[in-house]
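Student: Quick one: the structure is below, questions incoming.
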Amino acid sequence: MFCYQCEQRAKGSCTKVGVCGKQPDVAAQQDLLTYLLRGIAVVAVEGRRVGVTDIDADRFVASGLFSTLTNVNFDPARFDRLIPEAVRLREGLIEKVAAAGGRAQYTEGAVTFTPRAGADLSEEGERCGLTVDHAENDDIRSLQHTVLFGLRGVAAYADHARILGKESDEVYAFLHEGLAAIYQDLDLNAWVGLTLKTGEVNLKVMELLDDANTSTYGHPVPTSVPLGHRAGKAILVSGHDLKDLRDILEQTEGKGISVYTHGEMLPCHGYPELKKYSHFYGHYGTAWQNQQREFADFPGAILMTTNCIQKPMPSYMDNIYTTGLVGWPGAQHVTNGDFGPVIDKALAMDGFAAEEDKGAVMTGFARNAVMGVADTVISAVKSGDIRHFFLVAGCDGAKPGRNYYTEFVEKVPSDCVVLTLACGKFRFFDKQLGDIGGIPRLLDVGQCNDAYSAIRIATALAEAFDCGVNDLPLSMVLSWYEQKAVAILLTLLYLGVKDIRLGPTLPEFLTPNVLNVLVENYDIKPIATPDEDLKAILG
Ligand code: SF4
Ligand code: SF3
């Protein structure tokens with residue numbers, strides 16, 4: 001196996017087994033699925049040329065790419081079903097495109113490759129690894145992989161939005177265009193262009209998702225979320241999917257079960273259409289990489305939606321459930337939004353014996369809430385009460401170097417405001433940083449899925465001060481782990497945001513030359529120490 005798509009990779013890359021727990025057979029299946037998705041994409045690009053689109057193929061490419069994102073699907077049986085489905089969709093699309101006057105014959109390997117009948121799909125996948133059909137030039141291949149990993153993030157957001165009924169042909173068309181591009185003879189500059197276009201399309205899909213979330217559940221409002229629990233039966237919902245949570249809340253109404261969020265579900269407490277449920281109580285635990293310890297102590301059923309699942313420990317294997325694209329071999333999978341098995345399990349378990357108060361945190365400072373107090377924020381900046389904003393955002397992870405983000409926030413001077421989003425916030429989410437003239441110094445904008453909201457806040461501030469985002473008293477200190485973060489980073493580069501500090505390490509898939517392009521054009525830099533970085537930013 002060869003995988004280096006996330007920040008957790010072994011030295012250089014994972015070649016024997018994934019640090020995330022991905023086994024070589026699943027890695028090969030994911031490579032094979034990715035290869036077949038490229039094939040569908042080549043035909044879909046030709047199809048659009050002759051006026052043919054196929055919504056099933058479009059959706060399949062998005063959900064297939066999302067299935068290969070870090071910490072989503074570890075179950076070989078699921079890939080055994082996805083792979084033949086990819087071949088079936090590809091062959092059907094070839095026929096439709098040919099019937100409309102498009103190409104009937106293809107030479108691209110990803111279109112002509114079909115797993116041998118009866119063959120082990122992981123063995124077939126070993127012939128379709130991440131470098132097959134890619135450029136020999138290291139820098140071009142680096143950008144080809146950057147685009148692929150960025151597309152996985154775009155696809156995740158497209159799938160999230162589709163679940164709430166929002167789709168965009170422009171986004172689907174670009175997933176195909178980006179996947180098919182390795183079969184075009186593009187030079188380095190063209191690949192740089194495609195990399196930035198990935199960021200541009202990601203901005204569009206994030207806007208679509210923001211619209212999907214806010215039009216379905218309302219705009220988040222500042223909300224205090226208990227970190228303790230009530231006595232009684234309990235369900236814990238992790239991941240990023242708002243609809244799964246809403247379905248759980250509806251299906252548990254009146255059953256005497258309290259519903260808690262875990263990880264990236266914390267900001268769900270701010271949505272009016274979710275917070276209205278009285279049994280939607282509080283938040284349990286911290287970021288994804290602590291789940292094995294935290295889940296073992298949870299006395300109820302646990303539901304994993306989207307990323308990031310880790311290998312379930314035997315102590316809770318019996319009470320953890322997956323849904324949607326998430327999979328772990330042996331974990332029970334629920335489909336079609338019917339959470340009956342999860343509810344039955346919660347009712348059969350002990351639940352919390354007694355109430356416990358562990359304080360509370362605030363969430364719900366998404367764009368609408370922050371822009372609602374824009375006048376106060378602007379006058380605080382003009383009067384000098386607020387000196388600087390920091391967006392300390394991105395993924396959490398297991399590496400010790402990530403303490404940087406905790407220390408950084410602790411050391412931010414008291415006349416500065418910290419905006420945050422995504423699971424990296426769990427390094428500091430419960431710190432009491434106080435307020436500046438009634439504006440909290442720590443503002444949780446939401447999930448990684450809500451990066452669009454932070455971008456809108458930054459552009460609104462820039463408009464108010466009649467300057468560019470780069471001229472604002474705003475610095476971005478980001479952490480990455482998986483491919484949603486790659487897509488968001490590409491969006492920030494597309495928007496021309498400069499001077500980003502990125503950690504805890506830089507992506508392995510960027511060659512020194514590609515990195516130089518980023519440094520020269522965007523002044524992107526690795527994090528140093530909190531003291532050095534704060535001094536460099538604030539002087
Ligand atoms: Fe390794 Fe990350 Fe790939 Fe998992 S997703 S195999 S940890 S590089
Ligand atoms: Fe976190 Fe997985 Fe990236 Fe959603 S939950 S930000 S890592």
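Student: Cβ-Cβ distance below 6 Å, separation of 6 or more or different chains: which pairs start in segment 17-31 with a residue that is free of Cβ contacts under 8 Å to residues at least 24 places away in the same chain and end on one that is within 15 Å of ligand 2 (Cβ to nearest atom)?
Tutor: These pairs meet every condition: Val19/Gln8.
Student: Please state which one of Leu518, Leu490 is modelled with pLDDT under 95 and either over 29 Å from Phe66 (Cα atoms) or assigned to a helix (DSSP H, G or I) (or both).
Tutor: Answer to the check: Leu518.
Student: So if I check each of Val132, Val87, which one is at negative phi, surrounded by 14 or more Cβ atoms within 10 Å (Cβ to Cβ) and part of a loop (DSSP other than H, G, I, E, B)?
Tutor: Exactly one of Val132, Val87 is at negative phi, surrounded by 14 or more Cβ atoms within 10 Å (Cβ to Cβ) and part of a loop (DSSP other than H, G, I, E, B), namely Val132.
Student: Go through segment 328-446 and tell me which helices (runs of 4 or more DSSP H), entirely inside it, have 2 or more residues that are closer than 21 Å to His219 by Cα.
Tutor: The qualifying helices (runs of 4 or more DSSP H) are 367-372, 374-382.
Student: Considering only segment 258-313, state which residues are among the polar types (S, T, N, Q) and either in contact (Cβ under 8 Å) with a residue 24 or more places away in the chain or in a helix (DSSP H, G or I) (or both).
Tutor: Passing the criteria: Ser258, Thr261, Thr286, Gln289, Asn290, Gln291, Gln292, Thr305, Thr306, Asn307, Gln310.
Student: Next question, about the same structure. Being more than 6 Å from ligand 1 (Cβ to nearest atom), open to solvent by 60 Å² or more (accessible area, probe 1.4 Å) and not hydroxyl-bearing (Ser, Thr, Tyr) is the filter here; which residues of segment 2-24 pass it?
Tutor: Phe2, Lys11, Lys16, Val17, Gln23
Student: For Thr107, indicate whether it is β-branched (Val, Ile, Thr) and surrounded by 20 or more Cβ atoms within 10 Å (Cβ to Cβ).
Tutor: Answer is no for this residue.
Student: Filter segment 132-155 for residues that are more than 24 Å from the chain's Cα centre (by Cα) and not hydrophobic (A, V, I, L, M, F, W, C) and give the result.
Tutor: Result: Asp133, His134, Glu136, Asn137, Asp138, Asp139.
Student: Related question: Across segment 411-431, what is the total count of residues that are open to solvent by 60 Å² or more (accessible area, probe 1.4 Å) and either touching a strand residue (DSSP E or B) at 6+ places or on another chain (Cβ under 8 Å) or without any contact (Cβ under 8 Å) to a residue 60 or more places away in the chain (or both)?
Tutor: Number of matching residues: 3.
Student: Answer with yes or no whether Leu478 is within 17 Å of Thr420 (Cβ to Cβ), among the aliphatic types (A, V, I, L, M) and outside any helix (DSSP H, G or I).
Tutor: yes
The values are calculated or read from the model by the stated rules, or taken from the named source; none is laboratory data. Note that the structure is predicted; figures quoted are calculated from it, not measured. Note: ideal-geometry Cβ built from the backbone for every residue, glycine included; neighbour counts use all protein chains shown. Areas reflect the complete protein model, heavy atoms only, side chains present, ligands, DNA and RNA absent. Shrake-Rupley method; radii C 1.70, N 1.55, O 1.52, S 1.80 Å.
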